[in-house]
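Every number in this text was worked out from the coordinates using simple rules, so none of it is lab data. Given the structure is predicted, the values throughout are model-derived calculations rather than measurements. Virtual Cβ from ideal backbone geometry, glycine too; neighbours counted across all protein chains shown.
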Amino acid sequence: MHTRIQEKLLLYVDGNLPAEQMQRIRAHLSVCSACAQQHDLLVSVWGSEIRREKLQPSPFLWTRIQAHIGEYERTPAFVWGFKRAVREIMLRPFAVPAAIAAIFVGVYLGTPHEPQRYERAQSVSHGVGAVDEFGLDQFDVLPPGALGSTLVNVSHTQK
Amino acid sequence: MNEHDLVKELHGRNPAAFKELFDSYSTLVYNVAHRMLQDKRDAEDVTQEVFLEAYKSLTNFRAESQLSTWLYRIAVNRSLNHQRKKKLHRWLALDFDTTENSVDKLRLHGANEDGPDAVMEKKDIERIVQGAINSLPDRQRTALLLHRYEELSYDDIAGVMGVTIASVESLLHRAKQSLASKLLRLKKEL
């Protein structure tokens, strides 16, 4: 009961409730000291005088606006349209998760996922079939230590 | 120049008319932005954006509403966008401090050091109220700020927010219900 009354206290202070509810709350406040105390607290906080004096912007604001307008007039319309579209999209709640998901998808697609083919290529290149596969019999024997000498010489030896 | 003539001149992109628009409404726009953002620099940035947006959209303004309502609408939307952009930048910078403009920050800075019996100064009270309002959802906060500080009627608020009067009443009702418990809690703790 008290929580429901206290929720409505601000509306009561501002007179934003129907007459019947206002009367019911008034009656409750007259008998409940806890709620009456809450009411007084709210009046002291919410009912205090509001700062109504208006703040003034910087005197240089007009100069800055003129500068931006000048830039706008010099820039083609489609550029502004594009910038606005990008800004609108990036402010959408889904923009950041979508960007992160796109990065993950890109990384996944760019990573090789077929080790079998790689291993098969390795076995072919190191096996007997390498000579026929790569036409290694067309090459002279390489001196030891030369790049690729292990592969070619093994192939020649196997042959 | 009355509003009708001013709008006519603005459609013709008369520079003097635009200057008059700025002179007449820059304070209004700046104060709305400041209420929503609680920062002078941000409020100036938003004011700049509002008038630039107004300049670009002058030919689209059909005078179905008042100039003030139109500018209020742009100011509110820009302020909310600015706030979201700041939150996004903080999130991307891995700054997860949620105390900015929140109720917790008032606990950190709002206590009156003179002791519990000291009379709370007006600015402390205002800070409490503003902090509690800032913790409301965007639409409730917007409606409450426009009603309480800009003293707009329900009809005007509905025009600014693009909703019905019934929606405005509902937003204000829910806002005040939430605020009651927040204010009581804050006042007790400080």
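Descriptive notes on the structure:
- Full extension of the segment from A:Met22 to A:His2, taken as 0.36 nm per residue of separation minus the current Cα-Cα distance, would add 5.7 nm.
- Nitroxide proxy distance, nm - points 7 Å out along Cα→Cβ at A:Phe78 and B:Glu64: 3.1 nm
- Cβ-based exposure ranking for B:Ser65, B:Ser178, in which fewest neighbours within 10 Å come first: B:Ser65, B:Ser178
- Extending 7 Å from Cα along the Cβ direction at A:Gln66 and again at A:Phe104 yields two label points whose distance is 5.2 nm.
- In this rough spin-label picture, where each label sits 7 Å from Cα along the Cβ direction, the A:Gln56-B:Ser24 distance is 2.1 nm.
- Environment charge at A:Ala19 (Cβ cut-off 15 Å; Lys +1, Arg +1, Asp -1, Glu -1): +1
- Whole-Hz ³J(HN,Hα) from phi, Karplus 6.51 cos²θ - 1.76 cosθ + 1.60, for region B:62-79, glycine and proline x: 9, 6, 6, 10, 6, 4, 5, 4, 4, 5, 4, 4, 5, 4, 5, 5, 5, 5
- Above-threshold pairs, the threshold being 24 Å between Cα atoms, out of A:Lys8/B:Lys182; B:Lys87/B:Lys123; A:Lys8/B:Lys85; B:Lys86/B:Lys187: B:Lys87/B:Lys123; A:Lys8/B:Lys85; B:Lys86/B:Lys187
- Global form of region A:2-46, assessed from the alpha-carbon gyration tensor, a/c cut-off 1.5: oblate
- Neighbouring partner chain Cβ atoms per residue of A:60-73, average, 10 Å criterion: 4
- In summary, the lysines within cross-link reach of B:Lys56, defined as a Cα separation below 16 angstrom excluding same-chain residues under 8 places away, comprise A:Lys83, B:Lys8, B:Lys19.
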